[in-house]
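Have a look at the structure below before the remarks.
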Amino acid sequence: MTSISSPLIAPSILAADFARLGEEVAAIEKAGADWVHLDVMDGHFVPNISFGPAIVKALRPHSKLPFDVHLMIEPVDPYLEAFASAGADHITVHAEAGPHLHRSLQAIQALGVKAGVSLCPATPPEALSEVLDMVDLILVMSVNPGFGGQKFLHSQLRKISTLRGMIKSSGKSIRLAVDGGIDPETAPLATAAGADVLIAGSAVYGREDYAAAIRALRNSN
Ligand code: DX5
Ligand code: ZN
């Protein structure tokens, strides 16, 4: 059994009030969040458009927390530098976003930020076996990427356990995040399977009291 005592909480600003994004980012830091999760969507890799590097840059002075940038865009390589200079601390790309994941990870490493890879629900954990030594973060999508507020896919729990095993065997300290449909009911399932970062949009920004919402997720296991 995996025992992860206190998962990191990374609220996704996709569910925040876009007219007041600076305040919304500052508010979750005050409420006890560990990372700020920023969902970048291009209307091509995923069927929705959110925001680009200019917004990341504008938000940077509003928080000292690590900016965890989740790129749901294709192609991704031409934009990596823009997100790094905008203030991203972690850049996560999708394994499905192009034929050269290894090259994208090399480019992220060269920019001096932490490198992450995300897997869509249909992608097997083995897609990462040849690049495990290059990643600092793995992000398991527990919904199909593109929208907040979707239902958690329980089928992804097995993938989380398999990845936890792969991380353990690698001997590397790689963070394992879960993203999509995370709330106080699903969070304990994800942490029991081995996730140590909980990304949540609606379950934080959709609540009145952000601090209580973050506590509810952190203490739900
Ligand atoms: C979905 C995004 C998620 C999303 C999560 O494509 O990657 O980060 O904002 O939203 P909730 O927590 O509402 O499912
Ligand atoms: Zn995300």
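FYI, it's all coordinate maths here, none of it is from the lab. Keep in mind it's a predicted model, so treat the numbers as computed, not measured. Heads up, the Cβs are rebuilt from the backbone with ideal geometry, glycines too, and the neighbour counts pull from every protein chain shown.
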When every residue in the stretch 160-185 that is within 16 Å of ligand 1 (Cβ to nearest atom), more than 18 Å from Ala15 (Cα to Cα) and without any contact (Cβ under 8 Å) to a residue 60 or more places away in the chain is compared, the one farthest from the chain's Cα centre (by Cα) is Glu185
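Filter the stretch 8-23 down to residues that are more than 11 Å from ligand 1 (Cβ to nearest atom) and either outside any helix (DSSP H, G or I) or within 16 Å of Val69 (Cβ to Cβ) (or both), then give me how many there are.
Pass one, the stretch 8-23, residues more than 11 Å from ligand 1 (Cβ to nearest atom): 8-9, 17-23.
If we keep only those that are either outside any helix (DSSP H, G or I) or within 16 Å of Val69 (Cβ to Cβ) (or both) too, we end up with 8-9, 17, 21.
Of the residues in the stretch 8-23, 4 are more than 11 Å from ligand 1 (Cβ to nearest atom) and either outside any helix (DSSP H, G or I) or within 16 Å of Val69 (Cβ to Cβ) (or both).
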Leading residue by the ranking (farthest from Ile73 (Cα to Cα)) among those in the stretch 115-135 that are away from ligand 1 (no atom under 11 Å from the Cβ) and within 12 Å of the chain's Cα centre (by Cα): Ala115
Of all residues being assigned to a loop (DSSP other than H, G, I, E, B) and closer than 20 Å to Gly43 by Cα in the stretch 103-122, which is farthest from ligand 2 (Cβ to nearest atom)? Just the residue, please. Ala122
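Have a look at Val131, Val143, Val135 and point out the one that is within 14 Å of ligand 2 (Cβ to nearest atom) and surrounded by 16 or more Cβ atoms within 10 Å (Cβ to Cβ). So that I can check it myself, show each step before the final result.
Values: Val131 fails: within 14 Å of ligand 2 (Cβ to nearest atom); Val135 fails: within 14 Å of ligand 2 (Cβ to nearest atom).
Residue meeting the stated conditions: Val143.
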